[in-house]
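Q: Sharing a structure, written as structure tokens. Questions coming.
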Amino acid sequence: MSEHITPIRTYLLIFFALMILTVVTVAVAMVDLGALNDVVAMGIAIFKASLVVLFFMHVKKSRLMTKITVVASAFWLLILFGLTLSDYVTRGFL
Amino acid sequence: MAEIHAPGLAHHFDSYQQQKEAAFFGMWVFLATEVLFFGGLFCAYLVYRSANPEAFAAGSRELDIVLGAINTAVLIGSSLTMALAVHAAQVGKRKMIAAWMGATILLGGTFLGIKVVEYSHKIHEGHFPGPNFVWHGPEVNVEMFFNVYFLMTGLHALHMIIGIGIMLVLIPLAWKGRFTPESHNYVEGFGLYWHFVDIVWIFLFPLLYLLDVG
Amino acid sequence: MSELANNFGRRLHYLNADYGVKSWLLTRDHKRIALLYLASISLFFALGGLMAVGIRLELATPGADLVQPDTYNRLFTMHGVLMIFLFLIPSIPATLGNFLIPLMIGAKDLAFPKVNLASWYVYNIAGLFTLWAVAQGGVDTGWTFYTPYSTTYSNSYVVATALGVFTVGFSSIMTAVNFIVTIHRMRAPGLTWFRLPLFVWAHYATSLVIILGTPVVAVTILMVAAERILRIGIFDPALGGDPVLFQHLFWFYSHPAVYIMILPSMGVISELITAFTRKRIFGYKFIAFASVSIAVLGFLVWGHHMFLSSQSVYAGAVFSVLSMLVAVPSAIKVFNWTATLYKGSVSWDTPMLYALGFIGLFTIGGLTGVMLATLGIDIHVHDTYFVVAHFHYVMVGGAIMGYLGGLHFWWPKITGRLYPVFWSKFSAIVIFVGFNLTFFPQFLLGYLGMPRRYHVYPADFQVLNVMSSAGATILGVGYLIPLFYFFWSMRYGERADRNPWGAIGLEWMTGSPPPTHNFHEPPTVDWDAYAYLPDTPGGTGEAWDAAKPTSEAPEHG
């Protein structure tokens with residue numbers, strides 16, 4: 001088969017990276033950064049999710065359509081959040 | 001006329017390659033629906049947390065960070081074993097597919113076990129939403145946090161239970177050599193599902209357990 | 001090849017390849033599954049129609065003469081639930097789409113035949129849940145399940161109905177995943193994206209909407225059910241919940257769902273217009289991209305259902321402008337269809353009558369939609385019969401006209417039989433007249449201020465209401481006529497040849513009905529869609545057809 005087989009070493013590296021990032025998330029949460037806590041926590045979560053998507057789910061080596069599907073689902077999530085919040089955020093403006 | 005088909009290749013496909021691409025693409029499209037499915041809950045979380053920041057912080061403090069962190073590690077571990085099962089399928093080691101999937105079930109089961117412990121604590125403390133919900137603190141509307149908590153983690157756990165069920169079907173098939181390096185779409189497709197479930201938890205953990213603990 | 005004829009020397013096709021109940025209930029043939037769906041959705045269409053009969057009978061008089069107020073609430077709710085979730089959403093995709101997409105792209109089947117069959121079973125399970133709810137006494141919340149009424153106050157069978165709606169979502173998702181993968185991965189050699197029939201483009205766009213919207217309403221309905229069962233307050237303001245959030249989540253799907261209903265119909269109309277004008281469609285790429293942009297824009301406009309819901313006025317203004325944008329791709333389609341008619345050799349066959357009806361009715365429905373998207377006007381006509389008339393013009397005048405037009409167009413392909421010309425044209429005209437008589441007076445009623453969802457009204461409104469009820473009777477008769485002649489034609493209709501309309505498309509190159517695996521030789525495509533040659537005499541489908549190698553063996557019987 002011409003398919004690309006990810007070496008086991010890559011899987012292990014990603015696994016350790018995810019573990020370390022989990023520890024970092026917990027550690028950062030213990031420090032009070034105010035509103036930044038959420039930003040950092042979500043940033044790390046998005047980074048972790050990207051690692052899983054790109055390597056465990058092989059999207060890095062996948063066809064363009066797969067990548068588009070991933071991006072599209074994230075984009076639609078943003079539409080849902082964004083337009084819903086457009087209501088809640090602007091209610092107080094009046 | 002086309003009865004000369006290869007084993008594991010459905011009649012309406014021309015090649016393994018086409019069948020494989022169709023299967024994976026189908027799985028990805030399905031996962032897009034899953035993203036939006038959990039998205040509805042995340043949207044509710046967003047709206048209610050911004051309306052009740054203190055209540056969400058207070059509710060979050062009730063959760064056990066240690067158990068949550070352990071569960072995160074367990075689930076990431078199960079993603080690794082799942083990835084290794086897929087790797088075994090790609091190189092054609094049928095017993096290793098079954099073994100790594102077995103390990104995945106074990107880790108998934110551990111996760112669910114810890115979840116049961118957490119749930120029973122919360123129920124015991126009267127934090128299960130409903131008419132019997134108890135909250136002694138000054139914060140109002142903490143019940144909403146627990147509504148969201150139980151819905152999100154409950155649906156996540158349901159996805160894991162379904163996943164374990166599917167693996168219980170796949171393991172005997174793998175053992176019997178049903179999956180070859182050419183044709184193992186079920187293993188690889190299922191792998192995508194399992195990793196997706198992992199990703200959901202990667203977001204749930206900080207959003208539910210790590211609010212205002214600093 | 002032995003596949004070509006059965007034991008009686010008849011040409012072998014998907015209908016006579018195998019007999020018996022089992023060969024249908026366990027079939028993985030997309031064509032048979034389409035027919036199974038046709039039977040199921042027709043049942044729910046009839047049932048939803050019966051509810052409409054009840055509604056129109058009650059509204060024939062100003063007083064509460066026929067049903068109790070509570071019964072009336074259940075009637076219009078069940079009418080909406082059955083028609084929207086169990087008829088309109090699956091209507092064209094699950095029947096014509098299922099049947100035609102593999103044929104149109106030269107594939108042997110959909111990518112996941114077992115999933116396709118499963119989707120039909122899931123659909124029926126959903127139907128059973130809903131029927132169970134009806135049998136128990138129905139639900140009275142309106143098809144929108146607005147909270148907190150649905151979660152806290154309603155004493156009707158909300159959870160059973162919600163379960164039905166939740167389950168039918170799975171069935172549409174299965175169909176949509178199948179379509180998307182099939183269109184991407186199973187096209188015949190040479191069939192590039194811009195050679196695809198516009199019907200396929202429309203279904204691609206529809207599937208996108210189903211995939212990205214349906215899960216959100218599924219989880220929302222799940223929350224409503226959880227709220228009712230566990231007595232918690234996710235959307236109950238008394239318990240800190242926000243009912244407007246329910247509306248956001250609900251309309252995130254349910255507005256795009258309108259496009260799930262209308263886009264496939266637009267795809268049908270594109271096929272009909274070009275086939276019956278013998279002209280290549282005007283602005284192919286514009287129509288194709290219009291379908292996709294309707295699908296995308298459709299997700300950005302849901303707030304126009306919530307102008308009076310305490311939604312922020314700023315969000316309302318944004319949603320209002322975005323809603324009007326949807327008119328652009330819709331108008332592109334209407335203009336391109338009319339431009340295709342220009343100087344075409346138009347023939348007045350039955351499907352074309354439906355197509356022309358669609359264009360007019362959809363235009364009225366669409367333009368009144370722009371009126372409703374205008375904040376100021378919406379305040380005036382919000383929750384009146386103006387809204388009811390508007391969405392019936394889109395859904396009945398648009399979606400169902402397209403559905404019936406498509407059914408008449410491809411019926412010879414599906415069954416291998418022709419239906420009676422006179423009766424089919426007669427019923428098309430009856431439906432058009434009945435439809436307008438039913439719903440046009442409702443625009444006037446709404447504009448004069450008659451609110452929707454009430455079983456009584458001031459006597460001043462009676463004339464228009466009687467017109468509407470009379471129209472509904474005519475419309476009902478119009479729908480019954482095809483039921484009779486379609487059944488009749490299956491046994492007694494004249495046999496149809498491969499391409500009775502002289503139309504262009506892969507589906508017309510194989511037999512009527514098609515063989516089980518659609519084509520005896522996998523087709524290769526080296527021509528553009530609708531390659532009618534308008535300036536050449538005889539540049540019709542027949543001429544094109546004769547020049548192309550047929551994929552069908554000589555007819556035996």
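Q: Among the residues of the range B:95-117, is there at least one that is within 12 Å of another protein chain (Cβ to nearest Cβ), surrounded by fewer than 16 Cβ atoms within 10 Å (Cβ to Cβ) and at pLDDT 95 or above?
A: no
Q: Please state which of the following conditions C:V115 fails to meet, knowing it meets all the rest: (1) over 26 Å from C:S291 (Cα atoms); (2) out of contact with any Leu (no Cβ under 8 Å at 6 or more places or on another chain).
A: Just one mismatch for C:V115, condition (1).
Q: If you scan the range C:430-458, which residues turn out to be over 21 Å from C:H380 (Cα atoms) and hydrophobic (A, V, I, L, M, F, W, C)?
A: Passing the criteria: C:V430, C:I431, C:F432, C:V433, C:F435, C:L437.
Q: Go through the range A:56-79 and give me each residue that's more than 26 Å from C:I183 (Cα to Cα) and either more than 9 Å from chain B (Cβ to nearest Cβ) or modelled with pLDDT under 95 (or both). Steps first, answer last, please.
A: First, the residues of the range A:56-79 that are more than 26 Å from C:I183 (Cα to Cα): A:56, A:78.
Result: A:L78, single match.
Every residue, every condition in (1) under 21 Å from C:F112 (Cβ atoms); (2) away from chain C (no Cβ under 13 Å); (3) touching a Leu at 6+ places or on another chain (Cβ under 6 Å), yes or no:
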residue	(1), (2), (3)
B:A23	yes, no, no
B:T33	yes, no, no
B:S78	no, yes, yes
B:M82	no, yes, no
B:H87	no, yes, no
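Q: While we're on this one: Could you name every one of the helices (runs of 4 or more DSSP H) located completely within the range C:6-100 that has at least 1 residues being within 16 Å of the chain's Cα centre (by Cα)? Let's see the steps before the verdict.
A: Details: elements: C:21-25, C:30-58, C:69-81, C:89-92.
The qualifying helices (runs of 4 or more DSSP H) are C:30-58, C:69-81, C:89-92.
Q: Can you tell me which of A:D38, A:D87, A:D32 is without any contact (Cβ under 8 Å) to a residue 60 or more places away in the chain, at the interface with chain B (Cβ under 7 Å from one of its Cβ atoms), among the charged types (D, E, K, R) and over 20 Å from B:W28 (Cα atoms)? First the steps, then the outcome.
A: Details: A:D38 fails: at the interface with chain B (Cβ under 7 Å from one of its Cβ atoms); A:D87 fails: at the interface with chain B (Cβ under 7 Å from one of its Cβ atoms).
Criteria check complete, one pass: A:D32.
Q: Another question about this same structure. State whether the residues of the range C:324-340 include one that is within 14 Å of chain A (Cβ to nearest Cβ) and over 18 Å from C:Y393 (Cα atoms).
A: Step one: of the range C:324-340, the residues within 14 Å of chain A (Cβ to nearest Cβ) are C:325.
Now restrict to residues that are over 18 Å from C:Y393 (Cα atoms): C:325.
Within the range C:324-340 (the criterion being within 14 Å of chain A (Cβ to nearest Cβ) and over 18 Å from C:Y393 (Cα atoms)), the answer is yes, since at least one residue qualifies.
Q: May I ask you to verify whether C:L110 is within 14 Å of chain B (Cβ to nearest Cβ), touching a helix residue (DSSP H, G or I) at 6+ places or on another chain (Cβ under 9 Å) and either among the charged types (D, E, K, R) or in a helix (DSSP H, G or I) (or both)? Give the steps one after another, and end with the answer.
A: Values: within 14 Å of chain B (Cβ to nearest Cβ): yes; touching a helix residue (DSSP H, G or I) at 6+ places or on another chain (Cβ under 9 Å): yes; either among the charged types (D, E, K, R) or in a helix (DSSP H, G or I) (or both): no.
So C:L110 fails the test.
Q: Considering only the range C:351-382, how many residues are surrounded by fewer than 19 Cβ atoms within 10 Å (Cβ to Cβ) and closer than 24 Å to C:G49 by Cβ?
A: Of the residues in that region, 1 qualify.
Q: Using the structure shown, decide if C:L128 is of a type outside the set (V, I, T), part of a loop (DSSP other than H, G, I, E, B), over 30 Å from C:A238 (Cβ atoms) and out of contact with any strand residue (DSSP E or B) (no Cβ under 7 Å at 6 or more places or on another chain).
A: Working: of a type outside the set (V, I, T): yes; part of a loop (DSSP other than H, G, I, E, B): no; over 30 Å from C:A238 (Cβ atoms): yes; out of contact with any strand residue (DSSP E or B) (no Cβ under 7 Å at 6 or more places or on another chain): yes.
Spelling it out, it is not the case that C:L128 is of a type outside the set (V, I, T), part of a loop (DSSP other than H, G, I, E, B), over 30 Å from C:A238 (Cβ atoms) and out of contact with any strand residue (DSSP E or B) (no Cβ under 7 Å at 6 or more places or on another chain).
Q: Evaluate the range B:123-138: report whether one residue or more is more than 14 Å from chain C (Cβ to nearest Cβ), on the phi < 0 side of the Ramachandran plot and not in a loop (DSSP other than H, G, I, E, B).
A: So far as the range B:123-138 goes, yes, one or more of its residues are more than 14 Å from chain C (Cβ to nearest Cβ), on the phi < 0 side of the Ramachandran plot and not in a loop (DSSP other than H, G, I, E, B).
Q: Which residues, counting only those in the range B:53-64, are surrounded by 20 or more Cβ atoms within 10 Å (Cβ to Cβ) and either facing chain C (nearest Cβ under 7 Å) or out of contact with any Leu (no Cβ under 7 Å at 6 or more places or on another chain) (or both)? Spell out how you get there, then give the answer.
A: Initial filter on the range B:53-64 (surrounded by 20 or more Cβ atoms within 10 Å (Cβ to Cβ)): B:55-56, B:58-60, B:63.
Answer for the range B:53-64, where residues must be surrounded by 20 or more Cβ atoms within 10 Å (Cβ to Cβ) and either facing chain C (nearest Cβ under 7 Å) or out of contact with any Leu (no Cβ under 7 Å at 6 or more places or on another chain) (or both): B:A55, B:A58, B:G59.
The values are calculated or read from the model by the stated rules, or taken from the named source; none is laboratory data. Note that this is a predicted model, so its numbers are computed, not measured. So basically every Cβ, Gly included, is an ideal-geometry build from the backbone, and we count neighbours across all protein chains shown.
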